[in-house]
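Have a look at the structure below before the remarks.
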Amino acid sequence: MAAAQPPSPWGDLPADLLGLVLLRLPSLPDRVRLRAVCRSWRGGAARGRHPRLPPPLPWLALRDGGLVDLDGEPIRCPTPIPRHGVVGHLAVDNLAFLIHRDGGCSLLNPLSSSASAATAAITPLPWLNLAAVDGAIGQPGVFIGIGAYVNVYSKSVLSSPLDSSPDPLVAVVTSGGRHVAVAPCKRRGVVTIVSGLMAPQIPGLNPTRFSDIAFLGGNLYTLTNAEGLLVLDLGSNGVDDPPNASHRRCIADDPNQHEYYINGSTKNKSLVLRYLVGSNGRLLMVRRWMNCWQQYYAGDMDKTRGFEVFAAVISDGNGQWVKVDSLGDQAIFLSSECSKSVTASQCADGIQQDCIYFMHRIYDNPTKECHGPCVDPLGDSGVYNMRDGTINLLRPRAVMSELRWKRQYLTWFFPSDE
């Protein structure tokens with residue numbers, strides 16, 4: 001009898017078959033586990049032989065720096081956010097923007113698994129010190145303990161992925177939305193400070209604040225609380241000179257736009273939140289309508305009832321917002337700290353097109369909701385369908401119940417499978 005043929009080694013599995021298996025794994029941890037089976041499946045050559053994979057499903061970032069997937073399962077981070085010397089952090093796509101005790105800043109890749117992960121995962125931002133920025137604009141932060149610097153920073157964005165360009169820019173909204181600081185990530189450069197006070201002020205309205213910021217097409221756009229849109233042209237050198245540069249107005253503030261609207265008969269308030277999102281080459285403003293009962297603290301009893309989406313038609317001073325009824329093949333992941341538009345058909349299974357995936361509006365806000373068992377991290381989250389205006393659960397009920405045990409607010413985190 002002929003001798004039995006030995007089984008083929010796993011490494012001989014054709015790359016196209018491996019690619020088909022990976023295409024059916026929307027979760028990044030599942031892709032990592034599959035590649036761990038065989039060394040040849042993990043190499044760059046193997047990645048180049050199978051089709052380009054769709055972006056993995058997003059994760060949820062916890063206030064304590066932990067990460068969980070959409071099923072509520074914790075993600076083991078090779079490089080967790082350090083406890084010593086860090087007073088706060090913001091999620092930035094697939095990174096964490098760290099604020100240190102002395103006002104210094106850095107970017108952390110919590111998924112870095114290099115031999116020297118603790119060093120390689122952290123990118124210092126030596127030219128961006130928030131203590132110096134706030135001192136320059138006359139809005140000093142609060143020092144807690146010995147040399148611990150604290151102020152209100154609501155969002156940070158990058159002009160491009162950290163490893164995709166020689167020196168991307170980082171922008172941070174500071175001082176309760178009244179200023180934006182922009183600086184190079186690596187090279188020495190000017191820290192540009194953009195003040196809301198430089199924008200045209202409307203009589204009878206509160207001083208201009210920035211509701212959101214976004215990079216698009218090499219420019220930094222800022223959205224005001226009255227739906228004005230301003231652009232900072234970063235130029236060929238990355239940042240403008242002098243450092244206290246003003247914006248160029250694209251869309252004028254609208255005096256009829258407010259943050260709160262009060263119903264005269266019921267005395268209940270409607271709260272409107274506004275977001276900026278770059279989507280398939282367009283700059284979108286998302287207007288979020290919420291019920292906000294007057295007798296509760298900010299964040300308590302919030303209930304989102306709908307969204308409106310507008311596209312910017314940009315012109316110096318004469319631009320306008322145009323209503324958008326459909327996102328087409330796009331899906332928007334929305335939160336106060338980290339938002340992103342993705343092409344649903346190119347994403348892993350489970351992402352619905354023409355939908356807005358939204359989080360509870362608070363991620364780090366000192367209200368009573370943050371200090372007791374009433375904390376519900378998914379209290380006001382869901383999936384809004386642009387076609388019929390319905391709102392469904394963000395995740396299945398079993399997963400929602402599991403996440404509520406975390407007792408921490410959540411925001412989006414977008415892992416990379418590069």
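The values are calculated or read from the model by the stated rules, or taken from the named source; none is laboratory data. Since this is a predicted model, take the numbers as computed values, not measurements. Quick reminder, even Gly has a Cβ in these numbers, built from the backbone with ideal geometry, and neighbours come from all protein chains shown. Accessible surface is based on the protein model in full, side chains and every heavy atom, while ligands, DNA and RNA are left aside. Shrake-Rupley method; radii C 1.70, N 1.55, O 1.52, S 1.80 Å.
Kindly indicate which of Trp41, Trp59 is modelled with pLDDT under 70 and either under 28 Å from Pro396 (Cβ atoms) or of a type in the set (Phe, Trp, Tyr) (or both).
Answer to the selection: Trp41.
Testing Ile99 on (1) touching a helix residue (DSSP H, G or I) at 6+ places or on another chain (Cβ under 8 Å); (2) at pLDDT 80 or above; (3) open to solvent by 40 Å² or more (accessible area, probe 1.4 Å); (4) not charged (D, E, K, R), one condition comes back false. Which one is that?
Exception for Ile99: condition (3).
Can you find a residue that is within 20 Å of the chain's Cα centre (by Cα) and modelled with pLDDT of 75 or more anywhere in region 144-153?
no
For Val399, all conditions in the list (1) in a loop (DSSP other than H, G, I, E, B); (2) at pLDDT 70 or above hold save one; what is the number of the exception?
Result: Val399 fails condition (1) only.
Does Leu271 satisfy the condition of being modelled with pLDDT of 90 or more, farther than 26 Å from Ser165 by Cα and within 24 Å of the chain's Cα centre (by Cα)?
Judged against the criteria, Leu271 is not a match.
For residues that are modelled with pLDDT under 70 and of a type in the set (A, V, I, L, M, F, W, C), scanning just region 194-214, find the one that is least open to solvent (accessible area, probe 1.4 Å).
Ranking the candidates gives Ala199 first.
So which pairs qualify, if the first residue must be in region 167-183 and without any contact (Cβ under 8 Å) to a residue 24 or more places away in the chain, the second must be open to solvent by 10 Å² or more (accessible area, probe 1.4 Å) and not aliphatic (A, V, I, L, M), the Cβ gap must be under 7 Å, and the two must be at least 6 apart or on different chains?
Pro168/Ser159; Pro168/Ser160
Can we say Tyr363 is under 28 Å from Gly176 (Cβ atoms) and at pLDDT 65 or above?
No: the conditions fail for Tyr363.
What are the residues in region 215-229 that are open to solvent by less than 10 Å² (accessible area, probe 1.4 Å) and assigned to a strand (DSSP E or B), if any?
Within region 215-229, Leu220, Thr222, Leu223, Thr224, Leu229 meet the criteria.
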